Each structure stands twice: as C-alpha cells, then as structure tokens.
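Read through the structure below, which is laid out as structure tokens, and then see the notes.
No lab work stands behind these numbers, since they all come straight from the coordinates. Model, not experiment: these values are computed from the prediction.
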Ligand SMILES: Nc1ncnc2c1ncn2[C@@H]1O[C@H](COP(=O)(O)OP(=O)(O)OP(=O)(O)O)[C@@H](O)[C@H]1O
Ligand SMILES: [Mg+2]
C-alpha cells in the first residue's frame, strides 16, 4: 500500500526577494513499511524535502500525500531525527524521551511513560545515563537519545536526516543495527525515509535508494536493493552482488559532481 506520495513537488526559498529553487519536480511513491534512503550532493535539497514531509514547510508547487491525504502540518504520525541533535538541554535524557511520549500519549500515567522511556534508553545502550543532561553526554550519545525518543513516540513514519553523520564508525554500525531492529520489530514495520551521504549505509539499510541531482534537486534514479533480510552485514559486504551495487551507486553519486568538475562549476 502506498504510504507517502509526492506529486511534482517543488520548493523555493526566498533569497533577498528572489526565489531560490531548492527542489524541483519531485515524484516519489513510498510503500507502507518501506525503508527508503535518499542520497545526493550537499545542498541538493534533502533536508528541504524532509521538512516538507514533516509538514514544517509546504511545497511551492505540487502536492504531498500521506495515506492519501494532503499534508497540512506536523503530526504525531511522523517522527523526526535531525542532522543535529535536537534535545532540550534543560531536560535529562529520560525527561527528553518522556516529553516526546507525552505528546502522543496524553492520558498515560507518569510511571508507565517513564517505563517506556527507560526501555528505549536501554535499547540504545543508555540505561545508565537516564539522569544525565545532554551537555553531559557525547554527541553520539545525544543522538542515541534523539533516536530513542523518536521510536518511543511510535510514529508510523520516521524521517531521518543524516542521523548517524556525526558518529564514529563503530557507534554508527551499532546504531544502524538498533535502527533496523526498531524498524522491523516483528509486528508492523514503520515507513522510513533516511537521508545519508554514506553509500554503504544506504545499501546496507534500504529497500530502495533515491539518488538526487545537484540543486535544484530532483530524483534522477531509483535503485532497488533486493538483498534478503535480515541482512548479514559481514557476509553481504564480502559478496560480489554487494560490490556490484556499491560500484553502481558510487558512479551514480559521483558522476553528477564529476560532470560539473569537467565544466566550469564545481559542486561539492
Ligand atoms: N532557510 C533557507 N533560506 C534560503 N536558502 C536555503 C535555506 N535552507 C536551505 N537553503 C538552500 O536550499 C538548498 C537546499 O538546502 P538543503 O539544506 O535542503 O540541502 P541538503 O541536500 O540537505 O544539503 P546537506 O547535504 O549539506 O545537508 C541549498 O542551496 C541551501 O543553500
Ligand atoms: Mg541536509
């Protein structure tokens, strides 16, 4: 079933009175429970696209539908994990998660909500840090709290903007696995839109990868990733199929930039 549909979506920022087109003519359909990654050069409009999906801004042209309804604003059906940690600095890790859960479970008692918060803190390996404030946590730990909060709110759709971009390689692998476990918890799969610069991350995690062109960004290719799940990371990375898809992605990702370097404009 189609969960999210973008029809000819364009968005332009206003820049000193002139329109600056960020994304243009985007057409995407995402199935319920699908894990879709978006990759593309810096500044091509990936974060802009997620803001539109979140309902934080609205298309300059075209339409975005969720469950067949036009998006009218933000909603608890969509959870967000941003590029930069977005915790409230005056709340502890647990309070941040409790606050998130309260937004969607208004009538649930304090004890139950705290129990859910602790459960998700445990899932991201931070049970012992429940009472620490964001400034007492490393960047990676803060991002784990943000991820725990997003999942604890149990949205149907997760919009993730380079959530692991600032993590070291080891933490990144751990959190990718946590994300996959939370995504497919054995009952219902969430629908995930995941922005990343990392080709391996996109290939390992996704059902489908959307490749965007430089600004004004549009989807230039959709690449299905058909490896069986659950994926055995080590076996997959060593396989010929993986190397083939990875090479294809590298050339799709960099061709755009290389063409520009060949011309007069360099986009990095
Ligand atoms: N608030 C804003 N006002 C004006 N222009 C903006 C604004 N936010 C983004 N832009 C411009 O829109 C374009 C797309 O920005 P966006 O942040 O969506 O890119 P991105 O693909 O997420 O980049 P990155 O990979 O670096 O995060 C860029 O050219 C950027 O300069
Ligand atoms: Mg961005």
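Below is a table of values for the structure above.
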{"item": "0 to 90° range, to nearest 10: angle between helix 93-104 axis and the chain longest Cα axis", "result": "80 degrees"}
{"item": "Cα gyration tensor category, rounded, prolate or oblate, for region 46-113 with a/c compared to 1.5", "result": "oblate"}
{"item": "Equivalent ellipsoid semi-axes, region 86-154, via Cα gyration tensor eigenvalues times 5, rooted, Å", "result": "18, 11, 10"}
{"item": "Taking the chain and dividing mean pair separation by its residue count, relative contact order in percent (alpha carbons under 8 Å, at least six apart)", "result": "25 percent"}
{"item": "Inverse mean reciprocal Cα-Cα distance (Kirkwood Rh) of region 4-98, Å", "result": "15.0 Å"}
{"item": "Sequence-separation-based contact order of region 44-199, relative, with Cα cut under 8 Å and 6+ spacing, percent", "result": "28 percent"}
{"item": "Cα-based convex hull volume of region 76-231 per residue, rounded to whole Å³", "result": "127 Å³"}
{"item": "Whole-Å semi-axes of the chain's equivalent ellipsoid (Cα gyration tensor)", "result": "30, 23, 18"}
